[in-house]
Every structure is written in C-alpha cells, then in structure tokens.
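The values are calculated or read from the model by the stated rules, or taken from the named source; none is laboratory data. All of these numbers come straight from a predicted model, not from anything done at the bench. Neighbour counts run over all protein chains shown; Cβ positions are idealised from the backbone, glycine included.
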Amino acid sequence: MSSDTHELVIAGSGVAGLSAAVYAARADLDPLVLEGDEPGGQLTLTTDVENYLGFPEGVGGIELIQRGKEQAEQFGAEFQHDSIEAADLDGQPLELSLSTGETLRTRALIVATGASARWVGAEGEDELMGYGLSTCATCDGAFHRGDDVLVVGGGDSAMEEALFLAKFADSVTVVHRRDELRASEIMADRARDHKDIEFAWKTELVAIQGSQEDGVTGATLVSHPDGYPGEKYEAGEDVTVEEVDVSGVFYGIGHDPDTDFLQDTPIELDDDGYTQTTDADAWATTATAVNGVFTAGDVMDRDYQQAVTAAGTGSMAALDAEEWLEATTAASRDSARQISMEAGD
C-alpha cells in the first residue's frame, strides 16, 4: 500500500475523466488519472465526431482523446494504466484497491468510468467475439471490405455502426426487434436513406456461425409480425427462422455503466447501475452520497450520453471536488487552531 495520500484520483480516461483532469490539474490538485481497461473510453471507437464544439469540420475520436490527455498532462495530471477492483469509502482517506494489487489512498475521488458495450446473448458469441463479431465498427470495419454484414440494434449507436460499415461492406443489414428505431431523427434518416443499408424489422439474432479459424460465416435470425421474436423463440412459439450468409456481425445495442467496484460501497446506484448524485441547493451537482466522491460522464448520465455533456460534467466534478477539498482543509485548520487555543488556556 502506498503511504502517500493523493488529493484527487480520477477513475476513467474518457472525455469526462480528461475534462476533470484538465480542470483539476489547473487548480493544482495534482490529479492521478486511472486510465482503466479501455483507455480513452467509448470515444476511441468513433471515427468522426461532428457535434463537439470548436471542430466545424469534425474531429476523430482518437485524436480528440489524445489532445485531451496531452492537455491534462501539460497542466500536471499524472496517468496510470490501471483500474479499481474495490473501494473502501467509509472513511478518510478513501482507499482504492487496484487491479495490479496496489492500494491507493486519496482524499477525493471522481468516478468517470463510463460504460461498456452490451452483448446480445446469441449462441456462438463468446467464441466469435473478435473473430468477425465486434462491438466496434471503427475498429474492425476495414476487415470487411466487400462483405455482407449485420448490425444489431435500433439506436444511435447502431446507426453509427451501420453508416460506418457501409463505407467498406457490400451490404449492411440492420437487425431490429421492433418496427421503429430509437435513434435520433437525423441518424435514422441517414441510415434509411443510404443505398447500401437495409433493415430487418421485428427480427432478432439468436445464433452466429463460424469458428476462430474461419471467422463468422453466417447467422440465424428469427422474426415475428408482432416483434420481439427472441422471447417467442425462447418460449417455443412459432417464429420465422432464417439462415443468412454474412461475414461480420456488429453489436450496437447500448452500454452498461462500469460500476462493479461500487456495488458494496455507500455510493447510490440506480437499478441499471448508474451512479446517483445527491440532492443539493445548487441547480446541479456531481456529488454522491459519500463525502469526497463525485461522478461524471456516461457512468452517471443515462439520458444524454454525448461527448460534450460528458466533458461538461467532468469539469463540474473537478470544480465540485476542488470546492470540497478547500472546505474540508479549511475546516481542519480551524479545528486544529481551536484545539491549540484550548490547550493554551
């Protein structure tokens, strides 16, 4: 266990964590950023970011992350490739047990660990993930030039995957269990209007064929006129079963917040695992129910989940942490002064 106590540790190195690091470093808090298992977070999986303020021509997700890290380091933030396995948040200093076996002490913590891609649960996905099955079109799309591929999902993530894949694949079929998309209107229109993107409505993926040697070779789809055919298929009801020849399958069905290390702590989580903030007099706060612990980005935002909102909450968390650290330091000084005066009496 390190004998040093940090002023501030930031868990996560996506846009929220980097924004927090920039603000905290400029405030001379010497933040330590734990980069996590996937440094840079979800934005590193995005080719072009078109709606981030200040980039009228767009900017690559990886480039934006790299710039943010360089900016934070320029102001004095330190980065460590590690993640939190468990946390003792019952007293001060807070104690964080890392994946490397190290234990860190810190006065304040910002949880900006983001969210991880969901899997469908289709037969064969465990074996074939990374062998033609992917959750990242920008990572693996170029391997599917001239192929026929599937994209599973109906939200913005799925539309982004499909539009990117259409640059390489011969055909892209979006598999969605309903007959309406959850995606924003602009993203849905882009996908629907693309000549190389088709839609399999009221359809679900139940199995993926192939091997690690040959990659994905096909998929089993089920459909039903009432939608949600997977449930009916599992219940033994009549559904239409179709075998399709595809060379790639991409999941775009959303994410789960990375909060496993907070399960046995006083941090409040909602039913889906998103961190909860406290009620406060301010119009908004990143403070949690635990003194000294703040949260930012997709790990606490189940509604917006945009790069610009993640960056905003990251800066808010750093400002909230700075204010809390200053207040607790001042309170400790006043207490020490009072004890000294009483002793003098």
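Some points to look at:
- At least 3 residues being of a type outside the set (Val, Ile, Thr) is the threshold, and among the strands (runs of 3 or more DSSP E) wholly inside segment 143-218 those reaching it are 197-200, 203-211.
- Which numbered condition Gly292 misses (of (1) in contact with a strand residue (DSSP E or B) (Cβ under 8 Å, 6 or more places away or on another chain); (2) modelled with pLDDT of 85 or more; (3) on the phi < 0 side of the Ramachandran plot): (3)
- Boolean, Tyr23 is hydroxyl-bearing (Ser, Thr, Tyr), part of a helix (DSSP H, G or I), buried (at least 16 other Cβ atoms within 10 Å of the Cβ) and within 21 Å of the chain's Cα centre (by Cα): yes
- On inspection, Leu8 qualifies as at negative phi, in contact (Cβ under 8 Å) with a residue 12 or more places away in the chain and not in a loop (DSSP other than H, G, I, E, B).
- For Asp170, the conditions (1) touching a residue at least 60 places away in the same chain (Cβ under 8 Å); (2) more than 12 Å from Tyr251 (Cβ to Cβ); (3) surrounded by fewer than 24 Cβ atoms within 10 Å (Cβ to Cβ) are fulfilled apart from (1).
- Counting only residues that are in contact with a His (Cβ under 8 Å, 6 or more places away or on another chain) and either closer than 24 Å to His144 by Cβ or without any contact (Cβ under 8 Å) to a residue 12 or more places away in the chain (or both), segment 201-236 holds 3 of them.
- Among residues of segment 77-130, those that are farther than 15 Å from Ala11 by Cα and of a type in the set (A, V, I, L, M, F, W, C), counted: 6
- Take the conditions (1) surrounded by fewer than 16 Cβ atoms within 10 Å (Cβ to Cβ); (2) in the same structural domain as Phe294 (by TED's automatic domain parsing); Gly130 misses just one of them, which is (2).
- Counted as qualifying within segment 238-323 are the strands (runs of 3 or more DSSP E) with 2 or more residues that are out of contact with any helix residue (DSSP H, G or I) (no Cβ under 7 Å at 6 or more places or on another chain) and among the acidic types (Asp, Glu), namely 240-244.
- Selection status of Leu53, surrounded by fewer than 20 Cβ atoms within 10 Å (Cβ to Cβ), hydrophobic (A, V, I, L, M, F, W, C) and in contact (Cβ under 8 Å) with a residue 24 or more places away in the chain: yes
- The set of residues in segment 26-76 that are over 15 Å from the mean Cα position of the chain (by Cα) and assigned to a strand (DSSP E or B) comprises Leu32, Val33, Asp48, Val49, Val59, Gly60.
- Count of residues meeting criterion [surrounded by fewer than 12 Cβ atoms within 10 Å (Cβ to Cβ) and among the aliphatic types (A, V, I, L, M)] in segment 211-244: 1
- Against the numbered list (1) charged (D, E, K, R); (2) surrounded by 14 or more Cβ atoms within 10 Å (Cβ to Cβ); (3) closer than 19 Å to Ala24 by Cβ, Arg67 comes up short only at (2).
- The lone exception for Gly76 - which of (1) touching a Ser or Thr at 6+ places or on another chain (Cβ under 9 Å); (2) on the phi > 0 side of the Ramachandran plot; (3) not β-branched (Val, Ile, Thr) it fails: (1)
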